[in-house]
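Before any comments, here is the structure.
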Amino acid sequence: MDENGAGAGTSASDSATDPLADEDLYRVLGADGGPLPDATVPDLSDEGFRAIYRDLVTTRRFDERAVSLQRQGRIGTYAPCAGQEGSAVGSTHALADRDLISYQYREHGAVVVRDLLAEYLPYWMGHESGTEAIADGNVFPLNIGIAAHLPHAVGAAWAFDYRDEDRVVAAHFGDGATSEGDFHEAMNFAGVFDTPTLFCCHNNGWAISVPESRQTASDTFAQKATAYGFDGVRVDGMDPLASYAVTKEAAERARGGGDGGGSADGADASDEADPRPVLIEFVEYRFGAHTTADDPTAYRDPDDVDPWRALDPLDRMEAFLRETGRIDDEGVAAIRDEADDLVADAIGFAESVEADPSDMFDHAYAELPPEVRRQRDELLAAVEEHGEEAFRREE
Ligand SMILES: Cc1ncc(C[n+]2csc(CCOP(=O)(O)OP(=O)(O)O)c2C)c(N)n1
Ligand SMILES: [Mg+2]
């Protein structure tokens, strides 16, 4: 593919039913799920393709249940991801387990691929353990302060390179995050110091109520990489196989293989040992609200969502599997049942976690500063005096 992500697999499909038909971006699947005429279908085993589908279905099921749990008061505010599963799941399948994922708050599919759903769900119920546990699967705690994680992600990537560890960092963020200084600082540092970082920009067209047109005057988010001396690619983020293929190639480049396109420090373009960062713009759409605290009808016409449903990553992946003889009705039903059970078990586990408010003091500092220690002691003394029940919300 060329540096705009065009090349094999890029092809117009039916513009009447495909909102991305006229965009210059990398695709493998057409809107109907069939591989496009010039597409290179990734080299995966049958089980590998089915695993992507299973993780998409699990992520969607998790999303539906999480919204429902929030409506019942069983979890806190939640950020739905329906529509955006293809990029999170596809890109994570392209990484090695040792690679680090640092994400914003909507890329739940990455956590599903790492098989950490049960451990993670307690986060959304306010338990610190939810962020602690996912570290074991090389996933950084999710990040609400927009773009604040990006310099850290670049720092981690720099450390991997410095220690000669063959690991890359996939840092996920939204289109809105590109307006933050942290994004530009992270991009600049990554470009200058050749850190093995994949900047995964999820362009879902909106930053809460701010549309893409008010976010940037650039033609694309991918092209922002040019200013920092490395490549940016645009991909159909609702195409799981294109997301996989582009991330796979970018990860190879970040590891120091492939055509690195030269180095900002003047190293030879053919120097294969030089890791290079890559910015991937996943073009996609969120079907639902920004969070369960948001009403999207206040800023977008519900009719605007419908064309994007034609690109639903689950439908396209399922159609691809059926068309290529890799799954049938029975296989689909089995995967759906498996996803239902997995999510139900995760909810059961999460609801069994005992709340311990003093956890909130545990993970920010190796050693508590005096003022924070005083606050913790005050809380513990109050619990001791009044009993835990006095601090619980009336259900
Ligand atoms: C530094 C900072 N400023 C503002 C906010 C409030 N805020 C929460 S989500 C959000 C929009 C982010 O949009 P985007 O990066 O496109 O991600 P998306 O929600 O679309 O996935 C904003 C402004 C915040 N969390 N952090
Ligand atoms: Mg956005």
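The values are calculated or read from the model by the stated rules, or taken from the named source; none is laboratory data. From a predicted model like this one, the values you see are computed outputs, not experimental measurements. Glycine also receives a Cβ, built like all others from the backbone with ideal geometry; neighbour counts cover every protein chain displayed.
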Considering residues of the stretch 45-55 that are free of Cβ contacts under 8 Å to residues at least 60 places away in the same chain and surrounded by 12 or more Cβ atoms within 10 Å (Cβ to Cβ) only, the residue farthest from E318 (Cα to Cα): G48
Which of the residues that make up the stretch 92-110 are touching a strand residue (DSSP E or B) at 6+ places or on another chain (Cβ under 6 Å) and not in a loop (DSSP other than H, G, I, E, B)? L100, I101, S102, A110
Please pick out the residue among A148, A133, A170, A207 that is within 14 Å of ligand 2 (Cβ to nearest atom) and closer than 30 Å to A346 by Cα. A207
Among the residues of the stretch 246-258, is any within 16 Å of ligand 1 (Cβ to nearest atom) and within 17 Å of the chain's Cα centre (by Cα)? no
For D43: the one exception among (1) in a loop (DSSP other than H, G, I, E, B); (2) within 16 Å of ligand 1 (Cβ to nearest atom): (2)
Scan of the stretch 167-192 for residues that are among the hydrophobic types (A, V, I, L, M, F, W, C) and surrounded by fewer than 16 Cβ atoms within 10 Å (Cβ to Cβ), ordered by number: V192
Yes or no: the stretch 286-299 includes at least one residue that is of a type in the set (D, E, K, R), in the same structural domain as P211 (by TED's automatic domain parsing) and assigned to a helix (DSSP H, G or I). no
Taking the stretch 174-215 as the region of interest, how many residues are outside any strand (DSSP E or B) and either of a type outside the set (A, V, I, L, M, F, W, C) or farther than 30 Å from R163 by Cβ (or both)? 22
Inspect all residues belonging to the stretch 159-166 and state whether any of them is more than 14 Å from ligand 2 (Cβ to nearest atom) and buried (at least 24 other Cβ atoms within 10 Å of the Cβ). no
Qualifying residues in the stretch 216-242 (those that are in a loop (DSSP other than H, G, I, E, B), away from ligand 2 (no atom under 16 Å from the Cβ) and more than 19 Å from R27 (Cβ to Cβ)) - the one nearest to the chain's Cα centre (by Cα): F230
